[in-house]
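Worksheet: the structure to be examined is printed underneath.
The numbers here are math on the coordinates, done by the rules we state, and not lab data. This is a predicted model, so every value here is computed, not measured. A quick note on method: Cβ atoms are made from the backbone with ideal geometry, for glycine too, and the neighbour counts reach across all protein chains shown.
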Amino acid sequence: MTDFRSLELFYWVAELNSFSRAAERANTTQPSVSQRIAALEAELGVKLFERNARSISLTHQGRKLVQYAERFLLLRTEMLAEVGSAVAMKGIVRLGVSETIAQTWLSRFMERAHAVYPNIVIDLTVDVSPAMRDLLARGDLDLAFMLGPIDDLTMASCDLCAYSLAVIASPDMVLGEEPLSIAELRNFPMITYPKATAPYPRLREALNDPSLPPPRIFGNSSLTTIVQMTLDRIGVSVIPPVVVQRELKEGRLRIVKTVLDLPDLVFTAAFPLTLSGSLARPMAELAQDIARSYEASRAF
């Protein structure tokens, strides 16, 4: 009788179009995957993949089996979630995280996730939101904590948290009388998230004046670097104060009063509506709880 492990490996080979990537995804070896697929083909008496030197593709019977395999595997995951304990849930979740989350409550999430789901391995990647969208679409991530909203019908999502943006500066910088006007802000280099992310074009639009040269906005994908550049008085930064709580408390940075009004950064947990997202759903729900408790702890 066909077992779930063989169906799982077959599904990942079909989904990822690669025996080696399926082996990596299922935390096994390529020879093991090949043996399982060969045994499955022998048991069913049909060829599931067409193979050549450079690629593989599903046969007609293989395409039929993919639909059944996904339904079986999703039902198994649903059964374990509803009937079994959290310990019964096993697998790998490839998690992408925005650096803003990494510098706020990610450590709390990882600690709690390992305690609740000890047999789920989290493979962590920290990246910018546009890159994580592409990785989700390609099937290289199972779950991402990133800037929303998500308008992809193949993805599910849930809100995590929202952080306001502010102008942050070294107290040693002489900026002038506050609140600073848009014209006054344009006198200083401004450091923020990279061009491909939402804060950059919003800031550029807010500072835009057709009668003047473009504002000096330096985009950077590393929050750590942005903070250090701000500490070094290279410019003022536009980032969430939540990521520099320690520096603000110690007086090494301060919030500058300005007329600038930018929308909050809204973070979302997103995962595909396929088998790769089946383990991601409980992780996303756990992340919601952690984000709420983090916000509650900051309120006191």
The Rg/Rh figure for segment 4-82, Cα atoms and Kirkwood Rh, to two decimals is 0.97
Sorted largest first, the C-alpha extents of segment 24-123 along its principal axes in whole angstrom are 51, 36, 22
Quickly rank 77-83, 109-115, 281-287 as a protection proxy: mean count of other C-beta atoms within 10 Å, highest first. 281-287, 109-115, 77-83
Excluding residues on the same chain fewer than 8 positions from LYS47, give the aspartates and glutamates whose Cα lies under 16 Å from its Cα. none
Per-selection metrics, segment 67-156 (Cα): Rg and Dmax in Å: 14.5, 41
With everything on Cα atoms, drop me the angle between helix 129-138 and the longest principal axis of the chain, reported from 0 to 90° to the nearest 10. 10
Compute the projected area of the convex hull of the Cα atoms of segment 166-263, averaged over all viewing directions, and report it in nm² to one decimal place. 5.9
Mean-position separation - Cα centroids, segment 37-79 and segment 119-168, in angstrom: 30
Between GLU177 and ASN208, Cβ-based FRET efficiency (R0 25 Å, step 0.05) works out to 0.60
With a 10 Å cut-off between alpha carbons and a GNM built on the chain, which of THR274, THR100, THR59 moves the most? THR59
Looking at the chain, what % of its DSSP beta bridges pair antiparallel, to the nearest 5? 55
Which trypsin sites (Lys or Arg not before Pro) in segment 12-65 pass both tests, a DSSP loop state and at most 11 other beta-carbon atoms within 10 Å? ARG54
Nearest 10 degrees, 0 to 90: what angle lies between the long axis of helix 30-44 and the longest principal axis of the chain (Cα atoms)? 40
What number, in percent, do you get for the relative contact order of the chain if the mean sequence gap of Cα pairs under 8 Å and at least 6 apart is divided by its residue count? 21
Hey, how much of the P(r) for the chain falls beyond 28 Å, as a percent of Cα pairs? 49
Reachable lysines from LYS195, criterion Cα separation under 30 angstrom, eight or more residues apart if same chain: LYS249, LYS257
Work out how far the C-alpha atoms of segment 83-228 reach from end to end along every principal axis, then list the three figures in whole Å, largest first. 63, 34, 21
Mean separation of Cα pairs under 8 Å and 6+ residues apart, divided by the residue count of segment 4-82: what relative contact order is that in percent? 29
I need the phi-derived Karplus couplings for segment 101-110: 6.51 cos²θ - 1.76 cosθ + 1.60, θ = phi - 60°, integer Hz, Gly and Pro marked x. 5, 4, 8, 10, 10, 4, 4, 5, 4, 4
Rank GLY176, LEU253, ASN220 by how far each Cα sits towards the positive end of the charge dipole of segment 166-263 (+1 on Lys, Arg Cβ; -1 on Asp, Glu Cβ) and give me just the farthest. ASN220
